[in-house]
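These notes concern the structure reproduced below.
Derivation of every value follows stated rules applied to the coordinates shown; laboratory data play no part. Worth saying up front: this structure is predicted, and the values here are computed from it rather than measured. All Cβ positions, glycine included, derive from the backbone under ideal geometry; neighbour counts span all protein chains shown.
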Amino acid sequence: MNQFHLRVTAILSLFFSLFFSSTYAQRNYPEVRMVDSGTRTSLRGLSVVNDNIVWASGSNGMVARSNNGGKNWKWMTVTGFEKTEFRDIEAFDASTAIIMGIGDPAYILKTTDGGNSWKIVYENTTKGMFLDALDFSDPKNGLVIGDPVDGHFFMAKTTDGGDS
C-alpha cells in the first residue's frame, strides 16, 4: 500500500470510529446492574409478567419472584425438587406460574399461591426424556417441547392453563 492509501484508510477509520461512537453515545440505554441473589443457583428461565412482576427459575430447585420490578427477590427452593434444574418458567401473575424440570424424570409443576406450594401437573419417566422449552400463547394454551426420543421430537400441549 502506498502512502496515499494509508492516509485515506487512517482518515476514514478515524471518521467512522468518531461518527459511530458519538451516535451510540447519544442513545439512552437501560441501566444494567449485577444483583447478588444470595443463593447458589444458575438461572435458566425468566418470565416477565409486567413492569413489577418477574419470575425466574434455575438449578438446585430454585425459583424466584419479584413484585417490584427486580429490586427485591423472594428466593424459594421447591420442596422435593432440590436437585432439579428448572429450565423454563411461565408466569401469569404474582400468584400463578408453571416451571419445567428438564428430565430424569421430566416434570412440570404449577403454583397458584406465589410459589409457596407446587403441584405436579406432568411427569414423564421415559428414558432419554429431556424437556427444552415451555411457552404459552395465552393463560390457557401452552406448549412444551423436548429432545427427540426414539427418533421423534417430543411436544405436549395444554388448553387448561397447565392443569393437564
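List of remarks:
- For the peptides 77-84, 144-151, residues were scored by their other Cβ atoms within 10 Å and the scores averaged per peptide; the highest-first order is 77-84, 144-151.
- For the range 43-158, radius of gyration divided by Kirkwood radius, i.e. Rg to Rh on alpha-carbons: 0.97
- Taking 7 Å steps out from each Cα toward its Cβ at residue 145 and residue 42 produces label points 2.2 nm apart.
- Of 90, 31, 85, 123, the sequence from fewest to most neighbouring Cβ atoms within 10 angstrom is 31, 123, 85, 90.
- Sequence-distant contacts, meaning Cα pairs under 8 Å at least 6 residues apart, place the relative contact order of the range 43-116 at 26 percent.
- Taking all Cα pairs closer than 8 Å and separated by 6 or more residues, the relative contact order of the range 31-164 comes to 15 percent.
- Contact order normalised by residue count of the range 118-160, Cα under 8 Å, 6+ apart, percent: 30
- Going from the fewest other Cβ atoms within 10 Å to the most, the residues 66, 137 appear in the order 137, 66.
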